[in-house]
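Right, one structure below, let's go through it.
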C-alpha cells in the first residue's frame, strides 16, 4: 500500500476476517492487531466489496472503497480518501461559481445603476426642458394678456375656488395681499367686485358655458366705480375631468359702453328734434293754409255779394 503512491493523507488498511488491522499505511506501529474502526467492520459485514463514508481511527471523515481478497479467509483491503480532499475541487468550483455569480451580479447591478442613472438624468433633463417650455409659454400668455389689457380667472364650480390674475382683481377693485402672480379666492369674494344687480346674471351666464360654447356677460363693477366689463367664459377643454372648471376673461368695455350710451342719447335727441321739427312744420302749414282758405272764402263771399247786387 505504501509503494502504491497514494497521495498524502489517504489511508490504506488491510483487515482480517475478524475486523482486526493486519497492515496500515498510517501509524501502523500503534494500530497493528487492534480492531479497525466501526465503519470498516460495518462495511465488511455488509458485503465483499463496495464503498462507504466513515471515520478513521484518527477521527477524520473519509470516503472509502474496499474489496475482499480472494483465498485469504475474508481479508479485505480498504482505501480511505479524506472527505475534505475529495470535496476540495467541488468547493473550489462552487466558490468559483459563487464568485463568478457575485461578480456577474455586481456587474448587473452596476449596469442597472448606470442605466437607471442615465434614464433619471434624461428624465430630469426632459422635465427641465418641459418646465422651461411651460414657463416660456406662460410668459408669452401673460405678455399677450397684459398687452391686451385682459383679466383672466378660472372658477372651479365644484369647490367654489377662483384663481384670478392681478389684472382681474384690479379691474374688479378687489384687494389681496399678494405682490405678483395669480391669486386664489372664494367665488363669493369675486362677486363682491360686481354690482349687486348684475351678480345673479353674471353667475347664471358663466354656468351656461359648461353646456355650450363660449358665453359672454356684460356687467358693471360694484359702486361707486361702476365701470362696464365684459366676461367671456367657457368650460375647460384640457380633458374630460375638468368640465366643472370655467375659464373666464375680463375686458374693460366702459369707454365703448359709454360711447354707445352717448350715441343712443344723441340718436334720441335727433329723433326728438326731428319730431319737433315735423310738428312745427305741420303747425305752420296748418296755420298758413287755414288763413289762406279763410281769406279765399271771404273773397268768394264778397264776390258773390257783388254779383248779386249787379244782377239786381
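The values are calculated or read from the model by the stated rules, or taken from the named source; none is laboratory data. Computed from a prediction, not measured in an experiment: that's the story for all the values here. Ideal geometry is used to build each Cβ from the backbone, glycine not excepted, and the neighbour counts take in all protein chains shown.
Worth a mention:
- Contacts under 7 angstrom Cβ, first residue in the stretch 135-161 being in the same structural domain as residue 236 (by TED's automatic domain parsing), partner at pLDDT below 75, 6 or more apart: 152/145
- Which listed residue, of 263, 230, 279, 269, is outside any loop (DSSP other than H, G, I, E, B) and either in contact with a strand residue (DSSP E or B) (Cβ under 8 Å, 6 or more places away or on another chain) or exposed (fewer than 10 other Cβ atoms within 10 Å of the Cβ) (or both): 230
- Count of residues meeting criterion [surrounded by 13 or more Cβ atoms within 10 Å (Cβ to Cβ), more than 33 Å from the chain's Cα centre (by Cα) and at pLDDT below 90] in the stretch 174-213: 1
- Any hit, the stretch 83-92, residues being assigned to a strand (DSSP E or B) and touching a residue at least 24 places away in the same chain (Cβ under 8 Å): no
- Among the candidates 2, 61, 18, residue that is loosely packed, with under 13 Cβ neighbours inside 10 Å and at pLDDT 80 or above: 18
- For residue 185, the stated conditions do not hold, so it cannot be described as touching a helix residue (DSSP H, G or I) at 6+ places or on another chain (Cβ under 7 Å), under 18 Å from residue 152 (Cβ atoms) and in the same structural domain as residue 168 (by TED's automatic domain parsing).
- Hits in the stretch 25-56 (condition: more than 11 Å from residue 80 (Cα to Cα) and assigned to a strand (DSSP E or B)): 35, 49, 50
- Candidates in the stretch 42-58 are the residues that are without any contact (Cβ under 8 Å) to a residue 24 or more places away in the chain and surrounded by 15 or more Cβ atoms within 10 Å (Cβ to Cβ); of these, the one that is farthest from residue 8 (Cα to Cα) is 52.
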